[in-house]
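The values are calculated or read from the model by the stated rules, or taken from the named source; none is laboratory data. Computed from a predicted structure; not experimentally measured. Note: ideal-geometry Cβ built from the backbone for every residue, glycine included; neighbour counts use all protein chains shown.
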Amino acid sequence: MTAHRSGFACFVGRPNAGKSTLTNALVGEKVAITSSKPQTTRHTVRGIVHREDAQLVLVDTPGLHKPRTLLGERLNALVRETWGEVDAIGFCLPADEPVGTGDRFIATELAAAHRTPKVAIVTKTDLVDHQTVGKRLVEVMRLGEAVGIEWAEVVPVSAVAGDQVRLLEDLLVGLLPEGPTLYPDGELTDEPELVMCAELIREAALEGVRDELPHSIAVVVDEMIPREGRSPDNPLLDVHASLYVERDSQKAIIIGHKGSRLRDVGIKSRAHIEALLGTRVHLDLRVKVAKDWQQDPRQLRKLGF
């Protein structure tokens, strides 16, 4: 009988390399928010893959980048801290972009984590032809040679199309130590519901805003309380959340003309929150200005960073 394996693997890579989408594809549920904007992920979101022979706990980290703010420095520190605590590292490089200076920067940093096996994952293969995928795989192999990394595996995947996602799962499981299950069966993430709800609201708020705005948006769920006087078969949960931006001009963008954008954010995020919690939700959103919060240690603590 094959021994049961369990352990942690994390995905790293520059911003927008497809790490969150890959996490969701492996888990089979939405446990990490996704966006076309870089620096979407701000927390280490753990997604749990349950198998008869293994339990793979995925740690989805923020994208490693050259920081311009105190927030950026803290996100980078979070990534490096995670590398030292996992059993395997998946380095994500998108197939639709050539290997660049950002990838070399991360690979050089990764090379210092000598003991942890590393899998190179060429993501987003559905966006390019087979010839481009082959070219990218060669670049990745050469990158490893240049910085002194011997890849445990090099695998191309498409999380969107589902191509080779299960193969990647098998490869990661093979790198885990033998051990018992770490989380109860059926549990898909260890993120608190308040954090998950806040992330779903922020994901909705990121859609369609100007390029500089995503870095300036933070969301805090202030309270979640069952509506009093409702019958047990028709419950309603009141969710009160605050969206923080850094300037009054950004507040106007989030709210939109006569509140149209904020209404859209509420409609989209409420549907996801109801699916997550399995109950009807009344969502109350407020937009607040926390001036230059990304550079203010006190404000960062208040917002959970």
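Assorted remarks:
- Taken over region 255-305, the residue count meeting the criterion of being among the small types (Gly, Ala, Ser), under 27 Å from ARG227 (Cβ atoms) and more than 24 Å from the chain's Cα centre (by Cα) is 2.
- PRO232 being at pLDDT below 85, under 24 Å from the mean Cα position of the chain (by Cα) and surrounded by fewer than 16 Cβ atoms within 10 Å (Cβ to Cβ): no
- Elements of type helices (runs of 4 or more DSSP H) contained in region 193-305, each with 3 or more residues being under 22 Å from ASN24 (Cβ atoms): 193-206, 260-277
- Pick from region 160-186, criterion surrounded by 13 or more Cβ atoms within 10 Å (Cβ to Cβ) and closer than 30 Å to VAL281 by Cα, ranking: modelled with the highest pLDDT: VAL160
- Residues that are part of a strand (DSSP E or B) and surrounded by 20 or more Cβ atoms within 10 Å (Cβ to Cβ) within region 101-154 comprise LYS118, VAL119, ALA120, ILE121, VAL122, THR123, listed in sequence order.
- Any hit, region 289-300, residues being more than 15 Å from VAL195 (Cα to Cα), β-branched (Val, Ile, Thr) and modelled with pLDDT of 85 or more: yes
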